[in-house]
Ligand code: SF4
Ligand code: SF4
């Protein structure tokens, strides 16, 4: 008797059926470009999942390994002429294999016990701060992870930040775990810029991780639980706009949450209410900077290039937003880098489980950035910020890596990041 497919597996099967095996996705895949192994290419993985679903192959550790060798950058989805939505395939494959083969205890423990709880996550981060490593990274048994900041954003930013004078509107702010724990100054800068444009900024303390680390590893149950909590928290707020400066969280809200809450599911209508409020952070910022016309950007004398963060470019299709925001700053000279859309090598857990490959992809990216002859690169997501910053430092490359928010801030306020705390209202 044929096995009944789960809803995610059914969604993956629809996408697999669209694939014509043309192979055009291979050239854009950073993993295939490194290994040159067909099995690790997007086409190879599609064929593998097809064989697993047809029960022509038995699930094994080898197939788990192959599907884990993916940065979830979605360059393949962008390049596919047949419109194959690989975002529906890779995650489903990881779910199917986790159900069949299991998941390492340490991964399950982190996803199910540490990530969802603010106490357990706080404890893990407190331990993380004490680990050896470098300025940017901690070394956990040979695996490099972002070094947690000494102060989380939650300690620096009040739940409600009020503007002075007339209130132009209220926005809900979702900084994401990387900004909350690793780059809190970016969250403060984002909130302060919104406030200076007349917006009240609400950063609810009951929010949780967007769930991407869980569902991207095939743990749909934990991912859905986290997503549901966020839906409850954000739909209860009296706001029309939800913003996240992390391209991965923003992409999760508009793409992966679609998979978690498909038509007919219990949470679908709540998700639709939430989805209607989610706006790309940079796009919103660009619009209100123009509308309000109150910010005075001072010139900055930098010669820089832009790195297109994958989840901004391939998932959200908003690669031009950082460039358009940089246009507000007089004096900048922006030079385009060849391969600006090549992944930085981060890929969340990819950089943890495949450190050598992740480093090799990063170094290739740094080579292209070096060719641009700029000494600054602007990114649109905190994951890329950490990866490129830490790899540039390790390789001794004279390259300043900044999020676009940092340059807006520097042009408005100056280089001082010590303004990284906001008094409670
Ligand atoms: S580009 Fe699209 S259709 Fe062609 S092999 Fe890749 S996924 Fe299949
Ligand atoms: S998502 Fe990125 S790494 Fe994964 S198969 Fe597609 S192009 Fe390759």
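Values in this text are rule-based calculations from the coordinates and carry no lab data. All of these numbers come straight from a predicted model, not from anything done at the bench. Ideal geometry is used to build each Cβ from the backbone, glycine not excepted, and the neighbour counts take in all protein chains shown.
Tabulated data
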quantity	calculated
Sum of -39500 (n - 2.57) over DSSP H runs of 4+, divided by residues of the chain (222 nm, nearest 500)	-13500 deg cm²/dmol
The chain - share of DSSP beta bridges that are antiparallel (%, nearest 5)	30 percent
Semi-axis lengths (Å, descending) of the ellipsoid that matches the C-alpha gyration tensor of the range 7-101	19, 15, 11
Cα gyration tensor category, rounded, prolate or oblate, for the range 105-146 with a/c compared to 1.5	oblate
Principal-axis tilt of helix 268-277 within the chain, Cα atoms, nearest 10 degrees	40 degrees
Amide N proximity, the range 231-272 versus residue 6 label position 7 Å along Cα-to-Cβ, cut-off under 20 Å	252-253, 255-268
GNM top mover of 327, 308, 246 - the chain, alpha-carbon springs below 10 Å	327
Efficiency of FRET from Cβ geometry, residue 303 and residue 276, R₀ 56 Å, rounded to 0.05	0.85
Global size of the range 127-173 as Cα Rg and Dmax, reported in angstrom	17.4, 52
Angle between the chain longest axis and helix 184-196 axis [Cα atoms, degrees, rounded to 10]	50 degrees
Å³ per residue enclosed by the Cα convex hull of the range 254-351	130 Å³
Estimated distance in nm for a label pair at residue 120 and residue 61, the labels positioned 7 Å out from Cα along Cα-to-Cβ	2.5 nm
Estimated FRET transfer efficiency (residue 336, residue 100; beta-carbon r; R0 35 Å; 0.05)	0.20
Three-way shape label, the range 116-233, alpha-carbon gyration tensor, a/c 1.5	oblate
Net length gained if the chain between residue 229 and residue 265 were fully extended (0.36 nm per residue, minus Cα distance)	11.4 nm
Residue with peak Gaussian network fluctuation, the chain [Cα springs, cutoff 10 Å], from 62, 235, 203	62
Stretch gain in nm, segment residue 295-residue 317, where the contour uses 0.36 nm per residue and the Cα spacing is subtracted	5.2 nm
Residues residue 168 and residue 18, FRET efficiency given R0 of 45 Å [Cβ-Cβ distance, rounded to 0.05]	0.50
Relative contact order (%) - the range 7-101, alpha-carbon pairs under 8 angstrom, separation at least six	40 percent
Simple spin-label estimate for residue 155 and residue 54 in nanometres, 7 Å along Cα-Cβ	5.6 nm
Anisotropy class of the chain from Cα gyration tensor, a/c 1.5 cut	prolate
Helix axis angle, 382-394 relative to the chain longest principal axis, alpha carbon, degrees	90 degrees
Footprinting exposure proxy for 159, 55, 410 (fewest neighbouring C-beta atoms within 10 Å first)	55, 159, 410
Candidates 381, 150, 340: whichever shows maximal mean-square fluctuation once the chain is modelled as a Gaussian network with Cα springs under 10 Å	150
Distance histogram for the range 153-288 (every C-alpha pair counted, 10 angstrom bins, percent rounded to whole numbers)	13, 45, 32, 9, 1
